[in-house]
Amino acid sequence: MTHSASTPLDAVIIGGGQSALAVAYFLRRTQLSFVILDAEEAPGGAWRHGWNSLRLFSPATWSSIPGWMMPPAPEGYPTRNHVIDYLNHYEQRYQFPVQRPVRVVSVERLASGLRVHAGDRYWDAKVVISATGTWSNPFIPHYPDAELFAGRQLHSAHYVEAQAFAGKKVLVVGGGNSGAQILAEVSKVAQTTWVTPTEPMFLPDDVDGRVLFERATQRLKAQQEGRVIDQPVGGLGDIVMVPPVIEARGREVLKSVRPFERFTREGVRWADGSESAVDVVIWCTGFRPALQHLEALGVINTEGRVEVEGTHSTQEPRLWLVGYGEWTGSASATLIGVTRTARSTVNEIAACLGDSSMA
Ligand code: FAD
């Protein structure tokens, strides 16, 4: 027998990472009732699953969500654990109504709003904000005969540390920040080959998340004013030269080759017909939005996204999406970048539900 978790709410936020907290910060300033439903066992969102040595690519002051600055990191860029601590304290500071672990499996249309299902429980709300990120939906491209390969394969979402690969022949596939940072680490203990579809794009040593966010802000402003601006090449997906990647450059490790043709049982076959033995493939090939819980609403398009105007679904007027990357707002998949769209989302919801307290 399913049972309702409570009386109908104004809003349900699905997901409890940085994006959800930023939305909750603004919702808390309205009179609207809401709850955060998060699949994790504890605060921190995807950061709980980052590898041990993962660090932000911006300083703490440039990695804060609204209302409370991230405390300075003891040295250099904040570590993964520093971010988790921050998000944990942030949640406590604002006493958000969070229920976890709660994995939402579907969202159903009602005449009065939307019904959010999780196991045998449900929550009714006038609007839903999906903030489930991408980390739980890793992407691995298909290569012919992958099923033949007898070696180990894992995605960067499940990589923890290099020691597990000591003495092995390791392919690191993917030319973004994950690929560069994992290659830098694994190449110290294993024989590595870096496979990237095109030549990797390294940002200048003095360009980190701050500069990228400033560029994203300038681009957004120009877009809003109908101006075209030319900016130096490079954006959020390009490789930030964090210290471990600079160190790897000094060891001349940052050389990449173009993709292999197919797998073999022992390894891979290259375009020239030669073969290499491989023990492990680490896929640093990115993520796709984790939107499976929205399937029943019929709003997911062929690219695995939802058509939005800003963050507002164009097909389901009671649905907003926050924090998924450029398609839900410039730099929205970053700590500092998500504030803009969290604020605009809550402004729209408050207007839609007739709450004027944020104004
Ligand atoms: P997440 O952090 O993924 O949180 C989503 C939450 O929703 C999770 O708790 C998840 O369990 C939950 N969830 C998912 N599905 C459901 C469901 N069906 N029901 C209930 N809950 C659900 N960003 C920066 O700002 N600075 C950086 O330096 C930086 N470096 C990065 C380095 C790497 C290698 C990677 C991969 C990302 C990096 N990012 C960085 C991006 C950042 O980590 C993510 O964009 C961020 O975690 C997104 O936050 P989010 O809250 O949108 O999603």
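Brief remarks on what is shown
- Calculated on the alpha-carbon coordinates, the convex hull of the chain measures out at 160 cubic angstrom per residue.
- Descending Cα extents along the principal axes, segment 308-353, whole Å: 27, 19, 10
- Surface calculation, 1.4 Å probe, protein heavy atoms: Phe34 sits at approximately 30 Å² accessible.
- Pair-distance profile P(r), taking every C-alpha pair of segment 40-119, with 5 angstrom steps and integer %: 3, 13, 20, 18, 14, 12, 9, 6, 3, 1, 0
- Local charge for Glu91 was computed over the other residues whose Cβ lies under 12 Å away, with Lys and Arg +1 and Asp and Glu -1, and equals 0.
- Averaged over its residues, segment 1-138 has an accessible area of 43 Å² per residue, based on protein heavy atoms and a 1.4 Å probe.
- Exposure check, 1.4 Å probe, all protein chains in place: Thr7 carries approximately 110 Å² of accessible surface.
- Sulfur and carbon atoms: percent of accessible area, segment 1-132 [1.4 Å]: 50 percent
- Charge dipole of the chain (Cα centre as origin; +1 on each Lys and Arg Cβ, -1 on each Asp and Glu Cβ, all else neutral): 360 debye, rounded to the nearest 20.
- Out of every Cα-Cα pair that segment 171-304 contains, those further apart than 20 angstrom amount to 60 percent.
- On a per residue basis, the convex hull of the C-alpha atoms belonging to segment 1-74 measures out at 113 Å³.
- Here segment 152-221 is treated as a Stokes sphere of Kirkwood radius computed over C-alpha pairs; at 25 °C and 0.890 mPa s its diffusion coefficient rounds to 177 µm²/s.
- The 1.4 Å probe gives accessible areas that order Tyr324, Tyr122, largest first, as Tyr122, Tyr324.
- His82 accessible area, 1.4 Å probe, all protein chains in place, Å² to nearest 10: 40 Å²
The values are calculated or read from the model by the stated rules, or taken from the named source; none is laboratory data. Since the model is a prediction, treat every value here as computed from it, not as a measurement. Virtual Cβ from ideal backbone geometry, glycine too; neighbours counted across all protein chains shown. Ligands, DNA and RNA are excluded from the accessible area calculation, which covers all protein heavy atoms including side chains. Shrake-Rupley method; radii C 1.70, N 1.55, O 1.52, S 1.80 Å.
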